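Notes follow the structure.
The values are calculated or read from the model by the stated rules, or taken from the named source; none is laboratory data. In this text the structure is predicted, and so the values were computed from the model without any measurement. So basically every Cβ, Gly included, is an ideal-geometry build from the backbone, and we count neighbours across all protein chains shown. Each accessible area value is taken on the protein alone, full model and side chains, heavy atoms only, with ligands, DNA and RNA left out. Shrake-Rupley method; radii C 1.70, N 1.55, O 1.52, S 1.80 Å.
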Amino acid sequence: MEFPAMSTSKRLHFPANIIGKPKIDFQIFVRESSAQCKRNRIAKSVQASSKNNSGSISISPAFTDESDRESDGLRNEKGWIHFVGIGGCGLSALAMLALKQGYEVSGSDIVWSSFMDGLQEAGAFLHIGHSVTNLQRNGAPRLPDAIVVSSAIPQNNAEILYAKSVGVPVYKRDQWLGKLTEGYNLVAVSGSHGKSTTASMLAYVLDAMGDSLTAVVGAHVPQFSGGNIIFGDGRNFVLEADEYDRCFLGLSPSIAVVTNLDWEHVDIFPNEEAVKATFRKFLNRIRVGGHLILCGDSQGACSLLTDGKRAIGSDSWKCSDSYNITTYGTASSNEWHASSIRPNLRGGSDYTLCHCGHPVADISLQIPGVHNVLNSLAVVATVIALFSDQCQINNTINLVRLHLNNFIGISRRFEMIGTVCGCHIYDDYAHHPTEVSAVIQAARQRFPVKSLLVVFQPHTYSRLTALKDDFANALRDADQVVVTEVYAAREKDVENVGGRELAATIIGPPSEYIPSLDDVVEKLASQICKNPHREIVVFTLGAGNITTVGPKLLYELRRRLQVNSSLHLTVAEPNFPKPEVEGVLTPLTTSRKAI
């Protein structure tokens, strides 16, 4: 197929405001467009058209007056970017960042998500359903200047095929991220688990310290005014770097963080060795003179250093003489490590921060679990790597300590839904055995004498098939387990391994297979109402629509206890979770996501 010739007269410019360096414009050459369309920056109202012939519904901001049209011309001078799969946590963040940078933004997805609420309010043109008409503005000949595609979108998508046929550049997320971050001092936070929390914690601390950074995280962060982004004009860019679909291989970070390494995406990687090979390629992307911040407690992460060597008389590692390596963890062999870890009265953890075996500060966190102690150590090590040449380390550590103390976590990570009488309901995104174990350990820390009931929804048949015994071992530390049917996401059951088989494998606590989420709510509501003052903690775990169970259970307990008895009732209003399903959005009856 022949595409129209590319024109150099019309280009998308990526603004990179770098302190102490000239502004650099990164150019993506795009096809010439023959018309300009103007619109307002922020939607004053929303117009939803009826379904078109393709079954697509367009939801877009309406103009309120001619001044809106005139004032918005600046955005069109920068270009129009269309995002396919815009409702996901990753692409929605990139779309919001593009809006903040002044681009015209549109996008499509198969269902609505809560991430699209903020995009709509910020002025994006949004479409439900994929159709070539999404790339045509009211029949005008103008087309987008670039298409950015989620990793979850198949290449035979109608919008992708049409864009290619008319010469509109199509970028996968990794390519777009590479262009977007090229002119920044990029801090890429990677790892099989803990990326979202570590990246969010790091961005929050840097922002609180006064660094005008830009950050993109794959989760909703309550302390970010932009939801899952921070938009600044400084040189630092914090990015959650995902190994799914090998997306992070498009990056060239100045600092790379590896929180751990595990066989997580079993549909992408055939085994753990394949994961390691991909992470090694990622480490080769670190810029010369850069820095690797690595969790020394993770056997998988440390296996990446097989070619590394410690410099004589140095506390840092050198790898092929191209970048420095700093390790962190709970073991004293790490350069930065935590000692005397203990629970505090806020439900989190306190510990003593040590550097090369010497105590330097006391750290207090609001969020529980040893895994979050490790996440905070990664933040300390990264901030020191960023700023140790600019100010005294002691002053930097004091600032980091202060702001770590104020970080409250992210959505869908140990997120409280509500409390009724003696029942406390929490929700968490954990969908891998390592994550399930970490959540249960953190729950035991916060609620040492309460009974722990875990409702687990396996996510994808391939992951359950490969890790069924590991899931069973992780769940055995609960007091009661309910396993639902598998959330298939993008897969079909070809192994005949499902929730029933997992429930039968769990040894220890009473375990039951209840496939339907509505039946789970009914079962738990009936059980809890028999003894409403019994101290019990319910955790819903998984990356699928399990996130609907907590709010529904809370509602049902309130309804039954208020109607049927005069028992004392205490309720914490639920902060409705917002599930995001690794590239697949699920239709929900509530608002939606957030280690």
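Each Lys and Arg contributes +1 and each Asp and Glu -1, all at the Cβ; summed about the Cα centre of segment 107-220, the dipole is approximately 360 debye. Packing, taken as the mean count of other beta carbons within 10 Å per residue, orders the peptides 365-371, 244-250, 496-502 from highest to lowest as 365-371, 244-250, 496-502. Could you tally the net charge around Pro343, taking each other residue with its Cβ under 11 Å from the Cβ of Pro343, Lys/Arg +1 and Asp/Glu -1? Combined, the nearby Lys, Arg, Asp and Glu give +3. Ligands, DNA and RNA left out, the accessible area of segment 80-173 computed with a 1.4 Å probe is 57% carbon and sulfur. Here the label points at Asn284 and Ser451, each 7 Å from Cα along the C-beta direction, are separated by 5.5 nm in the simple model.
With the highest mean first, a sort of the peptides 531-544, 466-479 on other beta-carbon atoms found within 10 angstrom per residue produces 531-544, 466-479. If R0 equals 25 Å, the separation of the Cβ atoms of Asn531 and Asn406 corresponds to a calculated FRET efficiency of about 0.10. Neighbours of Asp469, meaning other residues whose beta-carbon lies under 12 angstrom from its beta-carbon, give a summed charge of 0 when Lys and Arg score +1 and Asp and Glu score -1.
Please report the relative contact order for segment 80-173, taking Cα pairs under 8 Å with a sequence separation of at least 6, and give it as a percent rounded to a whole number. Averaging sequence separation for qualifying contacts and normalising by length gives 31 percent for segment 80-173. Computed over protein heavy atoms with a 1.4 angstrom probe, the accessible surface ordering of Val288, Val84, largest first, is Val288, Val84. Sorting the segments 324-333, 271-280, 101-110 by their mean number of nearby beta carbons within 10 angstrom, highest to lowest, gives 101-110, 324-333, 271-280.
Within the full protein context, the accessible area of Ile341 is estimated at about 70 Å² for a probe radius of 1.4 Å. Relative contact order for segment 415-565: what percent, with Cα pairs under 8 Å and sequence separation of 6 or more? Taking the mean separation of contacting Cα pairs over the length of segment 415-565, I get 34 percent.
Across the options Val84, Ser113, Gly129, the greatest Cα extent toward the positive end of the charge dipole of segment 80-173 (unit charges at beta carbon of Lys, Arg, Asp, Glu) belongs to Val84. With the simple spin-label model, which puts each label point 7 Å out from Cα in the Cβ direction, the His358 to Ile268 separation comes to 4.1 nm. Positive-end ranking of Tyr487, Phe447, Pro509 along the dipole of segment 442-537, with charges on Cβ about the Cα centre, is headed by Phe447. The spread of Cα positions in segment 80-173, taken along each principal axis and listed from longest to shortest, comes to 31, 26, 20 Å. Between segment 270-290 and segment 162-204, the alpha-carbon centres lie 16 Å apart. The residues Lys530, Lys552, sorted by heavy-atom accessible surface at 1.4 Å with ligands and nucleic acids left out, run Lys530, Lys552 from largest to smallest.
The residues of segment 80-173 present an accessible area of 27 Å² per residue when probed at 1.4 Å with all protein chains retained.
A 1.4 Å probe run over segment 440-487, with the rest of the protein chains in place, finds 32 Å² accessible per residue. When the solvent-accessible area of segment 415-565 is split by element, carbon and sulfur atoms take up 47 percent of it, the probe being 1.4 Å.
Ordered by 1.4 Å accessible area with all protein chains kept, Met96, Met416 run largest first as Met416, Met96.
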